[in-house]
1. Every residue in the stretch 23-43 that is part of a helix (DSSP H, G or I) and either more than 17 Å from Ser138 (Cα to Cα) or among the small types (Gly, Ala, Ser) (or both), please.
2. So how many residues does the stretch 108-147 have that are of a type in the set (Phe, Trp, Tyr) and touching a Lys or Arg at 6+ places or on another chain (Cβ under 9 Å)?
3. Taking the stretch 44-66, which residues are outside any strand (DSSP E or B) and within 21 Å of Pro121 (Cα to Cα)?
4. In this structure, is Val8 touching a helix residue (DSSP H, G or I) at 6+ places or on another chain (Cβ under 7 Å) and either in a helix (DSSP H, G or I) or of a type in the set (Asp, Glu) (or both)?
5. Please work out which residue is farthest from Asn65 (Cα to Cα), limiting yourself to the stretch 110-136 and to residues that are part of a helix (DSSP H, G or I) and among the small types (Gly, Ala, Ser).
6. Got at least one residue in the stretch 55-62 being touching a helix residue (DSSP H, G or I) at 6+ places or on another chain (Cβ under 8 Å) and either polar (S, T, N, Q) or modelled with pLDDT of 95 or more (or both)?
Amino acid sequence: MRIRFTSVVWEDVGAVVGDAMTSLQNLISPGFDDKTYGAGLSIFQGVLIAVGDPEENARFERRHNKVGRISAPGGGPRDRFLSLSVALPPSELEGLNVDGVRLVFCQLMSAALKAPPLKLPAGFAHGEFARDLDIMLSLAAAAALSP
């Protein structure tokens, strides 16, 4: 399964959040290259939402909590994906460095994996996937804390 992390955030924190998501994806994704969890899902996307007040964040969360299909660049077969978002006010990201953003995202995503706010597809091994990703997020959070 391919693991992707991305964000929809307030522009003032966009650069540091983008760097945090890229570094986290580079750290975690290789651990999932040979894993499958059923239901034809081949991509997991974790999304950090921090655009404004809770109502504005909720609009973006709804758009990113879904199961869908995406075409590869240049055509080809369509991949089935699961997208799960977490949100917080942009003010909670102000002043954080890359490691701080990674730590906050890892904590929020670990909590979201326990009770995803969407209907998961039949045949998806959610428990196994959530456990595996939670372990990797915990390791990434610990790395963010170490000097």
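The values are calculated or read from the model by the stated rules, or taken from the named source; none is laboratory data. Keep in mind it's a predicted model, so treat the numbers as computed, not measured. Positions of Cβ are generated from backbone atoms using ideal geometry, with glycine treated the same way; all protein chains shown enter the neighbour counts.
1. Here is the first cut: in the stretch 23-43, the residues part of a helix (DSSP H, G or I) are 23-32.
Listed by number, the residues that qualify are Ser23, Ser29, Gly31.
2. Our first condition is that a residue be of a type in the set (Phe, Trp, Tyr); within the stretch 108-147, this holds for 124, 129.
Subsequent filtering for residues that are touching a Lys or Arg at 6+ places or on another chain (Cβ under 9 Å) retains 129.
Number of matching residues: 1.
3. Residues of the stretch 44-66 outside any strand (DSSP E or B): 51-65.
Residues satisfying the conditions are Glu61, Arg62, Arg63, His64, Asn65.
4. On the way: touching a helix residue (DSSP H, G or I) at 6+ places or on another chain (Cβ under 7 Å): yes; either in a helix (DSSP H, G or I) or of a type in the set (Asp, Glu) (or both): no.
Taking the combined requirement at face value, the residue does not satisfy it.
5. First, the residues of the stretch 110-136 that are part of a helix (DSSP H, G or I): 110-114, 126-136.
Then keep just the ones that are among the small types (Gly, Ala, Ser); that gives 110-112, 127, 130.
Values: Ser110: 15, Ala111: 15, Ala112: 11, Gly127: 18, Ala130: 15 Å.
That would be Gly127.
6. The first filter runs over the stretch 55-62 and keeps only residues touching a helix residue (DSSP H, G or I) at 6+ places or on another chain (Cβ under 8 Å), leaving none.
Among the residues of the stretch 55-62, not one is touching a helix residue (DSSP H, G or I) at 6+ places or on another chain (Cβ under 8 Å) and either polar (S, T, N, Q) or modelled with pLDDT of 95 or more (or both), which makes the answer no.
Here's the yes/no breakdown for (1) assigned to a strand (DSSP E or B); (2) among the small types (Gly, Ala, Ser); (3) exposed (fewer than 15 other Cβ atoms within 10 Å of the Cβ); (4) in contact with a Pro (Cβ under 9 Å, 6 or more places away or on another chain):
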site	(1), (2), (3), (4)
Gly68	yes, yes, yes, no
Gly75	no, yes, yes, no
Ser91	no, yes, yes, no
Leu108	no, no, no, no
Ser138	no, yes, yes, no
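To keep it simple, each residue is scored yes or no on (1) surrounded by fewer than 14 Cβ atoms within 10 Å (Cβ to Cβ); (2) touching a residue at least 24 places away in the same chain (Cβ under 8 Å).
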residue	(1), (2)
Met1	no, yes
Thr6	no, yes
Val9	no, yes
Gly18	no, no
Pro30	yes, no
Glu55	yes, no
